[in-house]
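Colleague: Supplied in C-alpha cells, the structure appears directly below.
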Amino acid sequence: MQLISIQNIDRFLNCKLIAVAGASRKEKSFSATAITHLRSQGYTVLSINPNFVENNAGRNEFKSVKDLPKGVNNLLVLTNPTQTLSVVKPAVERGIKNIWVQQKSETPEVITLCSSNKVNLIYNQCIFMFTHPEGIHKFHYHLKKFFGAIPK
C-alpha cells in the first residue's frame, strides 16, 4: 500500500485541469461546493456524472471518464464507495495517473488497482484540506495538523 506524502498531493494539485466524478448540479451538494472551490483556486474543472442528459463539452460536463478529452490526467472521485471502482477502473485503463478518491469513497479494490498500476493515488484525505481551505475546512486542517494527521 502506498504511503501518501505531501509530494503525492502536490503532484496532483500542481495540474490545473481536474475531472470530477460524482459531480452534481445541486448547488448545496458537497461536489458542487468542491467544484466551486476548485474553480475559485484557478482550476479548470470537468464534471462527470452518468445522469447528465448528454455530453456537453461547452459546459465541461461529461457522462463518463471515457468521454473526457485527451490530456486529462487528474481525476477527483466524489462518489459513493459502491460506485468508486466503476469510475476508477476506466480511468486507470485510460492512463490517468493522478487520482484523488475523497475520504469515505475509497475501497480496498480501488487502492489495490491503483497501486498495481502505479497510479499516484490520494485517498482518506479531503481535497479541501490542501487547496487553501476556508471556514470549517480551515479549522479541520489546523486541527489535523496539530494532531499530526496531515501527510508529510
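Colleague: Rounded to whole Å, give me the distance from the Cα center of the stretch 1-24 to that of the stretch 78-107.
Modeller: Comparing the Cα centres of the stretch 1-24 and the stretch 78-107, I get a distance of 11 Å.
Colleague: First measure r as the distance between the Cβ atoms of residue 3 and residue 103, then evaluate 1/(1 + (r/R0)^6) with R0 = 22 Å and state the FRET efficiency to the nearest 0.05.
Modeller: Using R0 = 22 Å, I get an efficiency of 0.85.
Colleague: Amide H to amide H, which residues 5 or more places from residue 76 or on other chains are under 5 Å from it, using H placed in the peptide plane?
Modeller: 19, 20, 21, 100
Colleague: Hey, another quick one. Looking only at GluC sites (Glu not before Pro) in DSSP loops with at most 13 other Cβ atoms within 10 Å, what is the longest site-free stretch of the chain?
Modeller: After excluding every exposed loop site, the longest remaining stretch is 55-133.
Colleague: OK, next. For Rg and Dmax of the Cα atoms in Å, the choices are (i) 18.4, 62; (ii) 14.6, 45; (iii) 16.1, 54; which was calculated from the structure?
Modeller: Computed from the coordinates, Rg and Dmax of the Cα atoms in Å corresponds to (ii).
Colleague: Between residue 124 and residue 145, what is the label-to-label distance in nm when each label sits 7 Å out along the Cα-to-Cβ direction?
Modeller: Output for this residue pair reads 2.2 nm.
Colleague: Still on this structure, please answer the following. If you build a Gaussian network model of the chain, linking Cα atoms that sit under 10 Å apart, which residue out of 22, 95, 42 swings the most?
Modeller: For the chain, modelled as a Gaussian network with Cα springs under 10 Å, the answer is 42.
Colleague: Go ahead and run the numbers for FRET between residue 29 and residue 80, Cβ-Cβ distance against an R0 of 22 Å, rounding to 0.05.
Modeller: 0.95
Colleague: I'd like the Karplus ³J(HN,Hα) series for the stretch 67-79: coefficients 6.51, -1.76, 1.60, θ = phi - 60°, whole numbers in Hz, and an x wherever there's a Gly or Pro.
Modeller: Listing the rounded values in order: 8, 5, x, 4, x, 7, 10, 10, 10, 9, 10, 10, 9 Hz.
Colleague: Tell me the mean residue ellipticity at 222 nm calculated for the chain from its helices only (DSSP H runs of n ≥ 4, each -39500 (n - 2.57), averaged over every residue, nearest 500).
Modeller: -10500 deg cm²/dmol
The numbers here are math on the coordinates, done by the rules we state, and not lab data. This is a predicted model, so every value here is computed, not measured. Every residue, glycine as well, gets a Cβ built from its backbone with ideal geometry; the counts of neighbours run over all protein chains shown.
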